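Read through the structure below, which is laid out as structure tokens, and then see the notes.
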């Protein structure tokens, strides 16, 4: 998905939120916004939003002098999610269709996203997401793929959400590799975040090599790319992975909650919708 | 009121909305955003938002080649408001307190604001505003001032809203001068808009001299300034006039609907509130 002009105001909103989370003073917050402003005229609009976010968050890291401004936030949400884990596990186990219930849980976890600039309430979102209608639900092909796949690449998104992903991975029989970002960017999960979430108990964790808040293939490492192109099943979580992979020529199942008007309109669904979308690759979506 | 950092993302949102209303193509829309980006690092944060909006809308005018990109929008909303006028007049006339009812009508009209970037529904807003609780209602001093004042300066805001202002001015016995912006900026009312709204039937219309979406005193003309400092009563409509006059040392009654989180927090009221605020001037607010 390419960047829309509507993403530009949002980059500033995100930058300001991140600068505040990084506890910068007002002058430095302004400096982050100035730096984003400096980037805007250079933005190629055929780039995806995470490609631009790359520079935005670089500006934040440099202005804050912090390598990982969202570290505390990430830890906080992992803790919170771990507290919810036993109850969610029970819900999934007792569901008529445990796989579908776990899909819902995993999508609910996608609300833990500091890249959108809106406030959120995890527990409220969980309640809603367990009963919400899907705007797109390609469940049968997903269930069939999950049943058949020997190896599965699961591309993670945010820290904390990773605990919810673990619940879905527990429903998958094949070997799962869980890919995380390579360096800190927004509150996206790193290897340590996935481990702290217990994902290492159910999957092998690798770095995708990506330093952007999405899987930009040209920035991913060989190990990841080899799995991406060759594994039986690819599951990609969240907006950032959708934005970077929606034009890629292979089958991908996207699981996300649409949290901004731009992505909703790109997919053609109402805002705040949840989807399990089978992207067929090529022109076949 | 000074500009907050939160205003910066909003300048881009406004610029994009305006560029689309001006029917610019995507490349030119991007050029408007680039131009706003160019301005950001130069923004002095002790300036008020309208002082910055001045440059933002200048960029839009230059990129669009249109002197008044909102011309059609303004005409449309004046027509719409004129259609509502007879019904509103009846509501005001039949109210127990016609002045207060007219204040509510005038504030409801303040929703016709293309400088905020949100969608709105006039008729819905009217219904709400006729019964909403005021977050601030300095009604007694206002009523007393209206009763006593021989000359009143009424600083208008948006085109269309002007029809609603007319209903309030009809309740005022003293001589009213209605001030409008000097040049097209967003959908702010010009002389022709006030006339088309029938304000000329109840007030003398003058230009404030301001080319910003608010009354920046240092950019206003002598006629306006003389009235501003010497008239018995000053009524200022809308966010832009609040933003430019909230630190000025004279009594002003601000009538507005708070349409953005920044102004709501500056005034200390919940978002979407309506207020009739007596600003005493000096440190006495």
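Where a number appears in this text, it was derived from the coordinates with a stated rule and is not lab data. Because the structure is a prediction, the values reported are computed rather than measured. Reconstructed Cβ throughout: ideal geometry from the backbone, glycine too, with neighbour counts over all protein chains shown.
Here, P(r) means the percent of Cα pairs in each 10 Å bin from 0 to the largest distance; for the stretch B:7-64 it is 26, 58, 15, 1.
Of all DSSP bridge pairs formed entirely within chain A, close to 25 percent run antiparallel. Within the protein assembly as shown, antiparallel bridges make up roughly 25 percent of the DSSP beta bridges whose residues both belong there. Label positions at residue B:28 and residue A:120, each projected 7 Å from the Cα along the C-beta direction, are separated by 3.9 nm. Can you give the FRET efficiency to the nearest 0.05 for residue B:222 and residue B:201, using r as the Cβ-Cβ distance and R₀ = 30 Å? Calculated value: 0.70. Taking the centroid of alpha carbons for each part, the stretch A:101-150 and the stretch B:113-154 are 44 Å apart. Shielding value for A:41-49 is 2, the average number of Cβ atoms from other chains within 10 Å of each residue's Cβ. The ranking of B:169, A:8 by Cβ neighbour count inside 10 Å, starting from the fewest, reads B:169, A:8. Taking 11 Å as the cut-off, no amide N atom of the stretch B:100-120 comes nearer than this to a point 7 Å along the Cα-to-beta-carbon line of residue B:85.
Checking the a/c ratio against 1.5 first, then a/b against b/c, what shape does the Cα gyration tensor give for the stretch A:115-228? Verdict is oblate for the stretch A:115-228.
Taking the label point 7 Å along Cα→Cβ, residue B:26 and its counterparts in the other copies are spaced 3.9 nm apart, in ascending order.
For the stretch A:205-285, DSSP calls about 65 percent of its internal beta bridges antiparallel.
Shape class for the stretch A:1-115, computed from the alpha carbon gyration tensor (a ≥ b ≥ c): oblate, with a/c not under 1.5 and a/b at or below b/c.
The spacing between the stretch B:225-284 and the stretch B:161-178, judged by their C-alpha centroids, is 18 Å. Please give the helix B:49-64 orientation as an angle from the longest Cα principal axis of chain B, in degrees from 0 to 90, rounded to the nearest 10. Approximately 50 degrees, to the nearest ten.
Would the stretch A:71-279 count as rounded, prolate or oblate if I go by the C-alpha gyration tensor, calling it rounded below 1.5 in a/c and otherwise prolate when a/b exceeds b/c, oblate otherwise? In terms of gyration-tensor shape, rounded. With contributions of -39500 (n - 2.57) from each DSSP H run of at least four residues, the per-residue ellipticity at 222 nm computed over the protein assembly as shown stands at -15000 deg cm²/dmol.
By the beta-carbon count within 10 Å of each Cβ, the least crowded to most crowded order of A:138, B:157, fewest first, is A:138, B:157. Compared with the dominant Cα axis of chain B, that is its longest principal axis, helix B:7-21 is turned about 80°. The order of A:64, B:265, B:208, going from fewest to most other C-beta atoms within 10 Å of their C-beta, is B:265, A:64, B:208. Spin-label pair residue A:76-residue B:130: with each label point 7 Å from Cα along the Cα-Cβ axis, the two points sit 4.5 nm from one another.
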